[in-house]
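Asker: Shown below is the structure under consideration.
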Amino acid sequence: MDTSIQNTTSKQDEILKKQRKYLFPNHLLFYSSPLPLERGEGWYVWDTEGKKYLDFFAGILTTSVGHNRQEVTSRIREQSEKLIHSSTLYPNESHVSLAEKLAEVAPGNIDVSYFTASGSEADETAVFLARAHTGNHDIIALRHGYSGRGAIGMSLTAHGNWRSPGTEVTGIKHAINPYCYRCPLKMTYPSCGVACADDIEEVIKMTTPGKIAAFLAEPIQGVGGFITPPSEYFKIAHEIVKRYEGLFISDEVQTGFGRTGSKWFGIEHSGIEPDIITMAKGIGNGMPLANTMTTTEIAQSTLKAGSTISTFGGNPVSCAAGLGVMEVLEKEATPNHVEKMGRLLRVGLEEIQKSSNVLGDVRGMGLMQGLELVKDKTSKEPSPDAANQLLEAARKEGLLIGKGGLYGNVIRIAPPLTINEDAVIDALEKLAKAFKQIG
Ligand SMILES: Cc1ncc(COP(=O)(O)O)c(C=O)c1O
């Protein structure tokens, strides 16, 4: 064996070498030189070279209560020493307890759960449920939306970058989305009267038999670049959807669990009651855990499609982690805490915007804030280069942030919900320095 190579190669290089050799090349990796992470504590993570970073993307909005939280890790440890797996064939205490807990915080009459292991599965379950309940086939989703992998997830997604050609399933149509910074109708809010919402009706009339199974939307479009609809949008959308017999599915995979501030779920800001909500990411704090929730009445329709099983659905260890997450959120990262931290973050971001010609739009709610980067504020031409440069510059400053948007030009800021004032101020200082570096 050539030990000289081993001695001179860092752990980071070894990981990157194996990544290139043994993993599919289509894994999207942030940074020109990807960043292998080794451990985390609260809102900090460390790379394999020992460098510390402030984690303001939380995985992908997933470590809702931060890394290595005792309330979560001790439950994982205890449950894994008792029973790691049972499948949905056997009832299990952590499975039913988490369902009970989520029924407490879910809006309206939503109180019945079907747990799976990923957001893609949660959305797929919602689509099956809506079709079974209504007897209708068509689903209306929104352009710039993201619903995950798999044929249904990719078909719901309206983002060329994330769809695999030829995998589309039938019956999924896309209406234009409420993207005020780049209005698809070239209108201006509020004088537009939220005209974009009318496209939902147009699409239903033009492309369906006049009855739909459901409308599925994210309260804030996450991967799409934290696109935040005007406050009236979902009320109008809901009225249209009900007129055509559809169920309203709120995809809360990113916006759930207080992320948007002051409410547990993003759709609650609109004052409408969804029929189905899907969730994942933040509920497991990194453990594979997702959920589709609905009302007792709608859930009865699942029986029309026959019984179902899931090998990993309701996994006892993942559900135990979910119970730990809820405990931390309720005592220390309530929606009101998120609202307060989100306001502090927002004020700081708007301050940075004043002195930057590339920061075209600051948007979002709570601890879900997006920065749309442009060549200049007048042309509003998307600048993926500026976003890449900012990501690299922030990394140098010891700050991890995310990226998204159709053009890859939107910075996504979404720290753990437990974050405190000092950390928000620290992140803003690091970000301001990063902006200075990109000019
Ligand atoms: C809104 C939304 N729905 C669904 C998904 C799919 O979740 P997963 O990656 O867990 O399959 C994602 C993932 O980013 C998402 O953001």
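Computed from the coordinates by the stated procedures, all read-outs in this text should not be read as laboratory data. Please read all numbers here as calculations on a predicted model, not as lab measurements. Ideal geometry is used to build each Cβ from the backbone, glycine not excepted, and the neighbour counts take in all protein chains shown.
Asker: Provide Met206, Met365, Met279 in ascending order of the number of other Cβ atoms located within 10 Å of each residue's Cβ, fewest first.
Answerer: Working: Met206 9, Met365 22, Met279 28.
Least crowded to most crowded, the residues run Met206, Met365, Met279.
Asker: Please give the Cα centre distance for the range 187-226 versus the range 27-85, rounded to the nearest Å.
Answerer: A separation of 36 Å, based on Cα centres.
Asker: Among Cys319, Cys180, rank each residue by its count of other Cβ atoms within 10 Å, from fewest to most, as a rough exposure measure.
Answerer: So the ranking, lowest neighbour count to highest, is Cys180, Cys319.
Asker: When the C-alpha atoms of the range 194-235 are aligned to their principal axes, what extent does each axis show, in angstrom, from largest down?
Answerer: So the extents along the principal axes, rounded to whole Å, are 32, 20, 14.
Asker: List the extent of the Cα atoms of the chain along each of their three principal axes, largest first, rounded to whole Å.
Answerer: 65, 60, 44
Asker: Separate question: How large is the Rg to Rh ratio of the range 145-246 when both quantities use alpha carbon positions and Rh follows Kirkwood?
Answerer: Rg divided by Rh gives 0.96.
Asker: Would you kindly compute the Cα radius of gyration of the range 345-417 and its largest Cα-Cα separation (Dmax), both in Å?
Answerer: Using the Cα atoms of the range 345-417, the pair Rg, Dmax is 11.5, 35 Å.
Asker: Any chance you could get the radius of gyration and Dmax over the Cα atoms of the range 70-332, in Å?
Answerer: In Å, with Rg to one decimal and Dmax whole: 18.2, 60.
Asker: For the residues Asp275, Asp422, Asp123, Asp361, what sequence is obtained by ranking on other C-beta atoms within 10 Å, fewest first?
Answerer: In increasing order of surrounding Cβ atoms, one gets Asp422, Asp361, Asp275, Asp123.
Asker: Can you list residues from other chains, or at least 5 along the same chain, whose modelled amide H is less than 5 Å from the amide H of Asp361?
Answerer: Here the answer is Glu372, since their amide H atoms fall under 5 Å of that of Asp361.
Asker: Using helices alone, I'd like the mean residue ellipticity at 222 nm for the chain: each DSSP H run of four-plus residues gives -39500 (n - 2.57), total over residue count, nearest 500.
Answerer: Estimated from H runs of four or more residues: -11500 deg cm²/dmol.
Asker: Report the Cα-based extents of the range 194-281 along its three principal axes, largest first, to the nearest Å.
Answerer: Over the range 194-281, Cα extents along the principal axes are 37, 24, 23 Å.
Asker: Also: At most 15 other Cβ atoms within 10 Å and a DSSP loop assignment: could you name the trypsin sites (Lys or Arg not before Pro) in the range 329-434 that fit?
Answerer: Loop-located and lightly packed - Lys377, Lys380.
Asker: Not counting the cut sites, what is the longest span of the chain without GluC sites (Glu not before Pro) that DSSP labels loop and that have at most 16 other Cβ atoms within 10 Å?
Answerer: 246-439
Asker: Run a plain Debye calculation on the range 10-124 (Cα atoms as equal point scatterers, no solvent) and give log10 I(q)/I(0) at q = 0.12, 0.18, 0.20 Å⁻¹, rounded to two decimals, same order as the q list.
Answerer: -0.70, -1.18, -1.24
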